[in-house]
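Notes for the one structure printed next.
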Amino acid sequence: MKLYNTLGGAKEEFKPLEDKTVRMYVCGPTVYDYDHLGHARTYLAFDLLNRYMRFLGYTVKYVQNITDVGHLQNDAETGLDKVQQKAQESEQTVEQVIEQFTQAHKDDMKALNIVAPDVYPKASEHIKDIIDFVKALVDKGFAYVSSQNNVYFSVTKDSDYGKLSHRGLAEIITGTRVGSASDKRSPADFALWKAAPVTKGSMVWDSPWGRGFPGWHIECSAMSRKYLGDSFDIHGAAIEHVFPHHENEIAQTESLTAKDMAKFWIHSGMLNVSSQKMSKSSHNFTTIREALKTYSANEIRLAFYQTHYRRPFDYSPQSMEQGVALRKKLFTAYGSLPTETDKKILDEIVDALNDDLDTPRALQIWGQEAEKINKADTDKLFEIFGLKYMPIEDDHEASQLAKQRDEARAKNDFLTADNRKNELIARGFEPLDTPSGTRYIPR
């Protein structure tokens, strides 16, 4: 299997550091709001990778963090963090915001049929690990304590800084935002530990440098190291995390351990809405919950996977209808599958997935040749792509609605038949009326 490694800028043959075990860390959400479709794009990409690795026979240890402190507005150096600001705006405690949106994230992932990570570590529950990590960087001379009791990583001490984003230090400094913290030695230096203002009454901890809280980047370094070791196989996130988040993770981790942090750095593409960048200010911001009111999880997955995970995905009625159409085609074929699989077709699908998860090609082949793959192999493909097929017979209430609809249609009671049809669709089943009878396939 080959995967595109951002670090080298090319596809590379994947071989785990440990035989048949894959250790994977994916940056999780900052829990201050409901997950949007950009989150769905990222986590669906890594869910596919997780599922496909397991299909290939690997044991996967999957860690995804929860950022509940330290991620400041607009990734700035000073000011409120996102969770704290949400608490003030909603007149809740910080703890209430964290609980609400951590659970909402997990619920949204479950609704999309995403396999839960093995570990969901919270930054706030790993403060000792973070402080120990920062202290070790200070002791080794890679970090310094400022006049304002902030701790910064000194990028000039890391000769490899910029190797992930392929930027030189001069370019990084030139691109550093105006308004960088005044107590840094260099504009490119980044915070490992922030001194807490007197007004910050919660989510602050004692440290060797005074009361404060961790910087955003150090959290992932500390937690990935705790659960996956100094070096692991895959570190992933959306493409916007290449710089500065992942670049900074590499710098601080590898400076401490003198080892490669991750063998593969994998990044999913951006999500646009009708060809425009999604943002609240543009009024094209769509949450996962909102999307699921129109499309099923199966349809969202199939729509997203018809674009390669590294390319931008455009969320639009047209792109989503492709997912609807493919779901209908695959699920309709499921009722009349052969006893034997055409092995050549299945091999072509697997070959596509082995080529950096080329899901557009894999789904094109599957969609064209679905009726040549038997039930056992189709079930395997359903598992890889995270599709749920539930026969209507397994849902007693839906079966009764279908029976009532069929009876109403036989009596030309089309009003009742239409009502039952709408109820069936709401329960996740689509009626397909054909000359040979009606089938009810899951959405």
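Tabulated data for the structure shown
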{"read-out": "Neighbours by Cβ (under 6 Å, 6+ apart or cross-chain): first from region 418-443, touching a residue at least 60 places away in the same chain (Cβ under 8 Å) and under 22 Å from Gly323 (Cβ atoms); second aliphatic (A, V, I, L, M) and open to solvent by 40 Å² or more (accessible area, probe 1.4 Å)", "value": "Pro442/Met390"}
{"read-out": "Any hit, region 148-158, residues being more than 23 Å from Gly212 (Cβ to Cβ), open to solvent by 20 Å² or more (accessible area, probe 1.4 Å) and part of a strand (DSSP E or B)", "value": "no"}
{"read-out": "Extreme residue, nearest to the chain's Cα centre (by Cα), among residues of region 268-313 that are open to solvent by 50 Å² or more (accessible area, probe 1.4 Å) and among the charged types (D, E, K, R)", "value": "Arg310"}
{"read-out": "Residue match in region 6-15 (condition: in contact (Cβ under 8 Å) with a residue 24 or more places away in the chain, at negative phi, in a helix (DSSP H, G or I) and not aliphatic (A, V, I, L, M))", "value": "no"}
{"read-out": "Conditions (1) surrounded by 24 or more Cβ atoms within 10 Å (Cβ to Cβ); (2) in contact with a Leu (Cβ under 6 Å, 6 or more places away or on another chain): number failed by Met223", "value": "(2)"}
{"read-out": "Residue in region 138-146 that is more than 16 Å from Ser255 (Cβ to Cβ) and touching a residue at least 60 places away in the same chain (Cβ under 8 Å) present", "value": "yes"}
{"read-out": "Tabulated pairs, region 365-384, first assigned to a helix (DSSP H, G or I), second among the β-branched types (Val, Ile, Thr) and surrounded by fewer than 15 Cβ atoms within 10 Å (Cβ to Cβ), C-beta under 9 angstrom, 6+ apart or interchain", "value": "Lys375/Thr339"}
{"read-out": "Scope region 384-393; condition under 27 Å from the mean Cα position of the chain (by Cα) and open to solvent by 50 Å² or more (accessible area, probe 1.4 Å); matching residues", "value": "Lys388, Tyr389, Met390"}
{"read-out": "Count - residues of region 44-74 that are hydroxyl-bearing (Ser, Thr, Tyr), open to solvent by less than 10 Å² (accessible area, probe 1.4 Å) and assigned to a strand (DSSP E or B)", "value": "2"}
{"read-out": "Residues that are in contact with a strand residue (DSSP E or B) (Cβ under 9 Å, 6 or more places away or on another chain), part of a helix (DSSP H, G or I) and not hydrophobic (A, V, I, L, M, F, W, C), drawn from region 307-362", "value": "Ser319, Arg327, Lys328, Thr332, Tyr334, Gly335, Asn354, Arg361"}
{"read-out": "Given (1) of a type in the set (S, T, N, Q); (2) touching a residue at least 24 places away in the same chain (Cβ under 8 Å); (3) more than 30 Å from Ala222 (Cβ to Cβ), number of the condition Thr257 does not satisfy", "value": "(3)"}
{"read-out": "Odd one out for Met223, checked against (1) within 29 Å of the chain's Cα centre (by Cα); (2) modelled with pLDDT of 90 or more; (3) of a type outside the set (S, T, N, Q); (4) part of a loop (DSSP other than H, G, I, E, B)", "value": "(4)"}
{"read-out": "Cross-chain or 6+ apart pairs with Cβ under 7 Å, region 27-41 first and within 19 Å of Glu89 (Cα to Cα), then part of a loop (DSSP other than H, G, I, E, B)", "value": "Thr30/His71; Val31/Asp68; Asp35/Pro29"}
{"read-out": "Candidates Asp19, Asp35, filtered to the one that is closer than 24 Å to Glu290 by Cβ and charged (D, E, K, R)", "value": "Asp35"}
{"read-out": "Top-ranked residue in region 231-266 [being of a type in the set (D, E, K, R) and over 23 Å from Gly70 (Cα atoms); ranked as least open to solvent (accessible area, probe 1.4 Å)]", "value": "Asp233"}
{"read-out": "Sole residue being open to solvent by less than 40 Å² (accessible area, probe 1.4 Å), more than 24 Å from Glu240 (Cβ to Cβ) and at pLDDT 95 or above, chosen from Ala87, Ala123, Ala136", "value": "Ala136"}
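Condition check ((1) buried (at least 16 other Cβ atoms within 10 Å of the Cβ); (2) of a type outside the set (S, T, N, Q); (3) touching a helix residue (DSSP H, G or I) at 6+ places or on another chain (Cβ under 7 Å)) across all residues:
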{"position": "Ala352", "(1), (2), (3)": "yes, yes, yes"}
{"position": "Phe382", "(1), (2), (3)": "yes, yes, no"}
{"position": "Asp395", "(1), (2), (3)": "yes, yes, no"}
{"position": "Lys403", "(1), (2), (3)": "no, yes, no"}
{"position": "Leu415", "(1), (2), (3)": "no, yes, no"}
{"position": "Asp418", "(1), (2), (3)": "no, yes, no"}
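Yes/no matrix, rows are residues, columns are (1) open to solvent by 80 Å² or more (accessible area, probe 1.4 Å); (2) at pLDDT 75 or above; (3) not aliphatic (A, V, I, L, M):
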site: Tyr161; (1), (2), (3): no, yes, yes
site: Ser165; (1), (2), (3): no, yes, yes
site: Thr174; (1), (2), (3): yes, no, yes
site: Val178; (1), (2), (3): yes, no, no
site: Asp189; (1), (2), (3): no, yes, yes
site: Met203; (1), (2), (3): no, yes, no
site: Trp209; (1), (2), (3): no, yes, yes
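The values are calculated or read from the model by the stated rules, or taken from the named source; none is laboratory data. Note that the structure is predicted; figures quoted are calculated from it, not measured. All Cβ positions, even for glycine, are placed from backbone atoms using ideal geometry, and neighbour counts span all protein chains on display. What goes into the accessible areas is simple: the full protein's heavy atoms, side chains included, and nothing from ligands, DNA or RNA. Shrake-Rupley method; radii C 1.70, N 1.55, O 1.52, S 1.80 Å.
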